[in-house]
Structure formats: structure tokens, C-alpha cells
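Reviewing the structure listed below.
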Amino acid sequence: MKKIVLALVVAGFASVAAQAAEMDFATVDADGNGSVSMEEATAAGWEWSEEEFNAADSDGDGGLNAEEFAAAAAQ
């Protein structure tokens, strides 16, 4: 049972990364302020938890800049 749960979790993270890779930063940054908020990510179809989003936000400013977005997309 634990192996099944682990496999589902890993598959979930992989699908988020694949989805992010297909999205263009400028498209997800709907308001064009140079930062993708959790709300913008959700509206664009990202299925990240708040914890996952915050982990990608390496400078802790509450949004993903282009570099953080690219790093998250590459995972």
C-alpha cells in the first residue's frame, strides 16, 4: 500500500512539472508584473499546493519570478 501511495505522489509531482514546462511565463503572469502569484498559477491550471508553490519561491517574496518559474518547470 505504501508503494502505491508513493507512486501516486511521485506521479503527481511529475505531472505538475510537465504541465509547468508547457506554460510560458508571460502567459501565466496574467497581470504582467514580472511575478507569477499562486492565484495566477492556479488560474493557468497549475495544481500546486501552497507548500509546493512556496518551495519554488526561493526568494520568499510571494511570487515566482522568471528564474524561479523556469526552475520549477525544469523539475
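No lab work stands behind these numbers, since they all come straight from the coordinates. All figures in this text were calculated on a predicted structure; none of them were measured in a lab.
A few notes on this one:
- 3J(HN,Hα) along the range 40-51: 5, 4, 5, 4, 7, x, 5, 10, 8, 6, 4, 5 Hz, from the Karplus curve 6.51 cos²θ - 1.76 cosθ + 1.60 with θ = phi - 60°, whole Hz, x for Gly and Pro.
- Computed from phi, the 3J(HN,Hα) profile of the range 25-31 under the Karplus parametrisation 6.51, -1.76, 1.60 (θ = phi - 60°) reads 3, 4, 6, 5, 6, 4, 8 Hz, with x in place of Gly and Pro.
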